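The values are calculated or read from the model by the stated rules, or taken from the named source; none is laboratory data. Computed from a prediction, not measured in an experiment: that's the story for all the values here. Please note: Cβ atoms are built from the backbone with ideal geometry, for glycine as well, and neighbour counts cover all protein chains shown.
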Amino acid sequence: MSEFLGLGPNLMVIASLAFVFAGLVKGLVGFGLPLIGLSLMTIFVGVEKAMLLILWPAFLTNVWQALSGGNLQPLLKRLWPFLITAVVTLGLGTFILTKIQEGAADLVLGLLMVAYAVPMLLGLSLTLDERQETPVGVLAGLLNGFFSGLTGAYTVPGVMYLQALGLPRDAFIQAMGLLFLLSTIALGVSLGSYGLMTGREMIASLVLVVPALSGVWVGQKIRRRVSEAAFRKLIQLAILSLGIYLVPLGIWRLVQ
């Protein structure tokens, strides 16, 4: 069956372990599954095939996250300019992905994540008032969509924008779920429009939902034991860790 999925037995084991870990991080802090899954699997199958593998795990875990928390209607009312613009520019990022050297997007994304996380961990606090919320949200959405299409990761600068709104933990997690869900749908449409989507990888992606959801379940169990302050620190540490991971990965891909 693994050969039918186009990965082979060894790669399916590797992919399953990668998605358990990616799901664990997502369950713990609310994001990271596409970025971790994509970064790990790109080493073995290349970036375009890896982007296909993350689609079903990302979609179904984000449906779960976006619909859980009891804040759906107020979040949509408040965040719709940000969410719409995050979808609009994703196709542009995917188009550029097909044109630029592999590794460049990872390097830029990693540097942005490090540049954001370090000041936050040192005590800097970013907050937005009501007048700033919509214009900054539109800009953040445009940039987030572009980077989502370029890298397959939906975090920069969208998670930073949502964090600056000062949302309570459950609303923050659900808001990230909405962003990631819409971005996943747009990414799937964009990949299909550029002829990058094939049947076997999509079936493999569906199979990888099981390890991804298992990891999310464990991560959520751990998250419920963490205080609000510790949770926000975890968010910043997760962004920093992913940024530190992406910088050398991007450099390595550029020199290959």
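Some observations on this one:
- Output for region 102-130, where each listed residue is modelled with pLDDT under 80, in contact with a helix residue (DSSP H, G or I) (Cβ under 6 Å, 6 or more places away or on another chain) and not hydrophobic (A, V, I, L, M, F, W, C): Glu102, Gly103, Asp106, Tyr116
- Of all residues assigned to region 41-64, none qualifies as being part of a helix (DSSP H, G or I), among the charged types (D, E, K, R), closer than 21 Å to Leu179 by Cα and in contact with a Leu (Cβ under 9 Å, 6 or more places away or on another chain).
- Of residues in region 159-185 being buried (at least 22 other Cβ atoms within 10 Å of the Cβ) and among the aliphatic types (A, V, I, L, M), the one farthest from Ala229 (Cα to Cα): Leu181
- Every residue from region 116-132 that is in a helix (DSSP H, G or I) and free of Cβ contacts under 8 Å to residues at least 40 places away in the same chain: Pro119, Glu130, Arg131, Gln132
- Conditions (1) over 30 Å from Asn10 (Cβ atoms); (2) at pLDDT below 90; number of the one not met by Val45: (1)
- So Ile96, is it in a helix (DSSP H, G or I), touching a residue at least 24 places away in the same chain (Cβ under 8 Å) and over 18 Å from Thr184 (Cβ atoms): yes
- Among the residues making up region 86-113, a single one is crowded, with 20+ Cβ neighbours inside 10 Å and charged (D, E, K, R): Asp106.
- Checked against the criteria, Leu33 counts as within 20 Å of Leu242 (Cβ to Cβ), buried (at least 22 other Cβ atoms within 10 Å of the Cβ) and at pLDDT 80 or above.
- For Met113, the conditions (1) more than 28 Å from Leu234 (Cβ to Cβ); (2) touching a residue at least 12 places away in the same chain (Cβ under 8 Å) all hold with the exception of (1).
- Helices (runs of 4 or more DSSP H) within region 136-242 that include 1 or more residues within 22 Å of Ala115 (Cβ to Cβ) and touching a helix residue (DSSP H, G or I) at 6+ places or on another chain (Cβ under 8 Å): 158-164, 169-193
- The single condition from (1) surrounded by fewer than 21 Cβ atoms within 10 Å (Cβ to Cβ); (2) part of a helix (DSSP H, G or I); (3) touching a residue at least 24 places away in the same chain (Cβ under 8 Å) that Gly69 fails is (2).
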